[in-house]
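Trainee: Got a structure for you, questions after.
Values quoted throughout were computed directly from the atomic coordinates according to the rules given, and no laboratory measurement underlies them. Quick caveat: nothing in here was measured; it's all calculated off a predicted structure. Cβ coordinates were reconstructed from backbone atoms using ideal geometry, including for glycine residues, and neighbour counts include every protein chain displayed.
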Amino acid sequence: MRLTELEHYTCALLDTARYRDHSPNGLQIEGRPEVNKIVTGVTASLALIEQAIAQGADAILVHHGYFWKNEDARIVGVKQARIKRLLAHDISLFGFHLPLDAHPELGNNAQLGRRLGWRLEGWSGEQNLIAHGSVPESMRLADLGARIAQRLERTPLLVGDMERPIRRIAWCSGGAQGYFETAAALGVDAYLTGEASEHNVHFARESGIAFIAAGHHATERYGIQALGAHLAAQFELDHRFIDIANPV
């Protein structure tokens, strides 16, 4: 397919124009005009780029791309090394940040809830980024943590009474610990995100609402995979997801 067609389709699919974001969504680095093989990954690191080159990819699609607000605009250092490799091999880079978090079917939050077996019942918060719903059956926080560890292959940080039964839950992948109080106002028993801040611990203890930090990378692996699989089926593209391990 044509690169321009891929750009127009993905931006329309994810409704990128609707979001106020911290980086540009869509095509960030332009490569060859024809796309037959795509690689997806969480972050456009040099390690991902090198593997995409080895795979013969025409385009890379990621959740964490480049050109974030308030960062140094100069193409130097790590940024130069990454972009130089993309340009040298004529590989395009697409980045989809908040639109990929919030998409009701392909998004990180929808896919994360599905992987964990939770019922998604609605969206709330800033730009409707917070998903909320319920677990299939009430379970202790300790048991819920064990299930999350098994499904995400990463042990989560749990803050709260380990014996507390959890039924209602809200979640937002990645670095969304700042939404904890907003999620708590939904009347949930627990809130899950990727990272934790010091004040989250105190709020969890004092509110009685459990806080779960399951890993920024670990919670954001699934939306980009779903997007890649959708594009492969829609346009008969060769697709491979490459997971560059990250403990954060």
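Trainee: For segment 103-219, what is Rg from Cα atoms divided by 2.2 N^0.38 Å, rounded to two decimals? Display every interim value, and only then the final one.
Mentor: Working: Rg = 12.4 Å, N = 117, 2.2 N^0.38 = 13.4 Å.
Here the answer is 0.92, to two decimals.
Trainee: Pick from ALA232, ALA81, ALA184: which residue has the top mean-square fluctuation in a GNM of the chain where Cα pairs under 10 Å get a spring?
Mentor: Highest fluctuation of the listed residues: ALA81.
Trainee: Can I ask one more? Rounded to the nearest 0.05, what FRET efficiency is calculated for ASN36 and ARG114 with R0 set to 25 Å and r the Cβ-Cβ distance? Don't jump to the answer; show the numbers that get you there.
Mentor: Values: r = 29 Å, r/R0 = 1.16.
The computed FRET efficiency comes out at 0.30.
Trainee: Placing +1 on the Cβ of each Lys and Arg and -1 on the Cβ of each Asp and Glu in segment 1-111, which of GLN28, ALA12, ILE38 has its Cα farthest towards the positive end of the resulting dipole?
Mentor: Result: GLN28.
Trainee: List the relative contact order of segment 103-219 as a percent without decimals, with contacts defined as Cα pairs under 8 Å and 6+ residues apart. The partial results should precede the final answer.
Mentor: Details: 242 pairs, mean separation 28.2, N = 117.
After rounding, I find 24 percent.
Trainee: Next question, about the same structure. What percentages make up the Cα-Cα pair-distance distribution of the chain when the bins are 5 Å wide from 0?
Mentor: Going out from 0 Å in 5 Å bins, the chain shows 1, 6, 14, 18, 18, 15, 11, 8, 6, 3, 1, 0 percent.
Trainee: How big is the dipole moment of the chain about its Cα centre under a simple scheme where the beta carbon of each Lys and Arg is +1, that of each Asp and Glu is -1, and everything else is neutral? Debye, nearest 20, please. The partial results should precede the final answer.
Mentor: Values: 24 positive and 29 negative charges, 49 e Å.
About 240 debye.
Trainee: Report relative contact order for the chain in percent, whole number only (criteria: Cα-Cα under 8 Å, sequence separation at least 6).
Mentor: Rounded, it is 20 percent for the chain.
Trainee: In degrees from 0 to 90, rounded to the nearest 10, what is the angle of the helix 198-207 Cα long axis to the longest principal axis of the chain?
Mentor: The helix 198-207 is inclined about 40 degrees to the chain.
Trainee: Order these by the 10 Å Cβ neighbour count, fewest first: THR182, THR219, THR155. Write down the numbers at each step before the final one.
Mentor: Working: THR182 17, THR219 33, THR155 14.
So the ranking, lowest neighbour count to highest, is THR155, THR182, THR219.
Trainee: Here is a follow-up. How much FRET efficiency would the formula 1/(1 + (r/R0)^6) give for ARG167 and GLU105, where r is the Cβ-Cβ distance and R0 is 25 Å, rounded to 0.05?
Mentor: Values: r = 25 Å, r/R0 = 0.98.
According to the calculation, E is roughly 0.55.
Trainee: Which ordering of VAL201, VAL135, VAL78 is given by a fewest-first count of other beta-carbon atoms within 10 Å? Please report the intermediate quantities before stating the final value.
Mentor: Numbers: VAL201 15, VAL135 21, VAL78 9.
Sorted ascending by nearby Cβ count, the order is VAL78, VAL201, VAL135.
Trainee: Another question, if that's okay. Tell me, what is a quarter of the convex hull surface for the C-alpha atoms of segment 3-98, in nm² with one decimal? List each step's numbers first, then the result.
Mentor: Working: hull surface 23.4 nm².
Taking the Cα atoms of segment 3-98, their convex hull projects to 5.8 nm² on average.
Trainee: Please state the relative contact order of segment 1-53 as a whole percent: Cα pairs under 8 Å, 6+ residues apart?
Mentor: On the way: 21 pairs, mean separation 22.8, N = 53.
Computed value for segment 1-53: 43 percent relative contact order.
Trainee: Order the peptides 114-120, 167-173 from the highest to the lowest mean number of other Cβ atoms within 10 Å of their residues.
Mentor: On the way: 114-120: 15.1, 167-173: 24.1.
Descending packing order for the listed peptides: 167-173, 114-120.
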